[in-house]
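Colleague: Quick one: this structure, given as structure tokens, is what I'll be asking you about.
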Amino acid sequence: MKTALITHADCLQHVTPEGHPERVARLEYILNALDGLDVLRVDAPLATDADLARVHPKSHIADIRARAPSEGYHQIDADTWMSPGSLQAALRAAGGAMKAVDMVLDGEAANAFVAMRPPGHHAERSTAMGFCLFGNAALAAKHALDVHGLSRVAVVDFDVHHGNGTQDLLWDEARALVITSQQMPLWPGSGHPSETGAHGNVLNIPLPPESDGTKMRYEYQKQAFPRLRSFRPELIIISAGFDAHMNDPLAALNWETDDFAWVTSELCALANEFCEGRVVSVLEGGYDLQALAEASRAHVEELMKAAG
């Protein structure tokens, strides 16, 4: 089986104001970087309101629909904007995450990368924030648990910013383990080790500013990987943010492209140990276009190696 690459042209229609870091070019650079790879290319479907309701109340879904502008922009907060194409893109991003779960669990793909925007890991139950409208990774986890009947799913988030939304959406979900590493201090300000979830199901790994891949590798080997082995998930979902790269303008970690390849390879190896290699990766941040493109390709190449 191959690695699936799930994307959709609708995600190029989510337009943000000039100068905004979460811009159309992000996805264009990623897709150009992945061009020519021997992957299974699949269009992302639209998530339904019933799908979204697994992690968001109906009031939040209705609010996002109501905010979608017919022209120009709608500003949700200082960082989060919608254009006429944003709602469709967000529904495709959420739908793509679920489609990836379907394909991997149904044996249609060995693993999958969901190259979609807007990202999702900052969207809380009733709050769109941090460029995010819906919680894509959390939704993928709940889809695997509730629709496919899995008993244990892990979400591993290596974006430089804390995945406060994923933590919030899965805080009460004993069947989900959330592991997230992030620069601290840094926006959104959450992610302290004391935040452990309602069932001890959250592990936060703060990383100091200016630390590099050596520190990350140490902490993952010390904390993240043993916790995954203890939990033994039946599926690993990766929130793949590439903004810990040393060239990224929004943060101050100093990872290199090889560090993203390493953590991907290690997570795939762990997946081979206890969940038949089943990995679904969803795109989160990454705002230096060249670094994003290089790290995304390295990430997908490791998924392809694991797929065999």
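Every read-out reported here was derived from the displayed coordinates using simple, explicitly stated rules and does not represent laboratory data. No experiment lies behind these values; they were computed from the predicted model shown. So basically every Cβ, Gly included, is an ideal-geometry build from the backbone, and we count neighbours across all protein chains shown.
Colleague: Which of the residues spanning region 28-52 are surrounded by fewer than 13 Cβ atoms within 10 Å (Cβ to Cβ) and in a loop (DSSP other than H, G, I, E, B)?
Modeller: Once the filter is applied, which keeps residues that are surrounded by fewer than 13 Cβ atoms within 10 Å (Cβ to Cβ) and in a loop (DSSP other than H, G, I, E, B), region 28-52 yields D35, G36, D38.
Colleague: From (1) out of contact with any strand residue (DSSP E or B) (no Cβ under 7 Å at 6 or more places or on another chain); (2) more than 21 Å from A4 (Cβ to Cβ), pick out the condition that doesn't hold for A89.
Modeller: Single failed check for A89: (2).
Colleague: Another question, if that's okay. Suppose we keep only residues that are touching a helix residue (DSSP H, G or I) at 6+ places or on another chain (Cβ under 8 Å) and surrounded by fewer than 24 Cβ atoms within 10 Å (Cβ to Cβ) within region 103-121. Which one would you say is nearest to A144 (Cα to Cα)?
Modeller: Of region 103-121, the ones touching a helix residue (DSSP H, G or I) at 6+ places or on another chain (Cβ under 8 Å) are 105, 108-121.
Imposing the further condition that a residue be surrounded by fewer than 24 Cβ atoms within 10 Å (Cβ to Cβ) reduces the set to 105, 108, 110.
Details: L105: 8, E108: 15, A110: 15 Å.
Applying the filter and picking the extreme gives L105.
Colleague: Working only within region 102-140, note down all residues that are in a loop (DSSP other than H, G, I, E, B), among the charged types (D, E, K, R) and over 20 Å from L31 (Cα atoms).
Modeller: D106, E108, R125
Colleague: From A78, A90, A97, grab the single residue that is on the phi < 0 side of the Ramachandran plot, hydrophobic (A, V, I, L, M, F, W, C) and surrounded by fewer than 21 Cβ atoms within 10 Å (Cβ to Cβ).
Modeller: Of A78, A90, A97, the one residue that is on the phi < 0 side of the Ramachandran plot, hydrophobic (A, V, I, L, M, F, W, C) and surrounded by fewer than 21 Cβ atoms within 10 Å (Cβ to Cβ) is A78.
Colleague: Then there is this: Small (G, A, S) and more than 17 Å from the chain's Cα centre (by Cα) - does that describe any residue in region 234-248? Break it down into steps so the answer makes sense when it comes.
Modeller: Looking only at region 234-248, we keep the residues that are small (G, A, S), and these are 239-241, 244.
Checking the rest, the ones that are also more than 17 Å from the chain's Cα centre (by Cα) come to none.
No, because not a single residue in region 234-248 is small (G, A, S) and more than 17 Å from the chain's Cα centre (by Cα).
Colleague: Turning to a different aspect of this structure: So which helices (runs of 4 or more DSSP H) stay within region 192-275 end to end and still have 3 or more residues that are touching a helix residue (DSSP H, G or I) at 6+ places or on another chain (Cβ under 7 Å) and surrounded by 15 or more Cβ atoms within 10 Å (Cβ to Cβ)?
Modeller: 213-219, 257-274
Colleague: Filter region 276-308 down to the residues that are in a loop (DSSP other than H, G, I, E, B) and among the charged types (D, E, K, R), then identify the one that is farthest from H245 (Cα to Cα).
Modeller: Of everything passing the filter in region 276-308, E276 is farthest from H245 (Cα to Cα).
Colleague: Still on this model: Residues in region 172-191 that are in contact (Cβ under 8 Å) with a residue 40 or more places away in the chain and part of a strand (DSSP E or B): how many?
Modeller: Qualifying residue count, region 172-191: 5.
Colleague: In addition: With the structure loaded, tell me whether H143 is in contact (Cβ under 8 Å) with a residue 24 or more places away in the chain, out of contact with any Ser or Thr (no Cβ under 6 Å at 6 or more places or on another chain) and not in a helix (DSSP H, G or I) or whether it fails that test. Break it down into steps so the answer makes sense when it comes.
Modeller: On the way: in contact (Cβ under 8 Å) with a residue 24 or more places away in the chain: yes; out of contact with any Ser or Thr (no Cβ under 6 Å at 6 or more places or on another chain): yes; not in a helix (DSSP H, G or I): no.
Taking the combined requirement at face value, the residue does not satisfy it.
Colleague: Oh, and also: Take the residues of region 53-73 that are part of a helix (DSSP H, G or I) and of a type in the set (A, V, I, L, M): which is nearest to R125 (Cα to Cα)?
Modeller: Taking region 53-73 first, the residues part of a helix (DSSP H, G or I) are 58-67.
Those still in the list that are of a type in the set (A, V, I, L, M) too: 61-62, 64, 66.
Values: I61: 10, A62: 13, I64: 12, A66: 17 Å.
Here the residue is I61.
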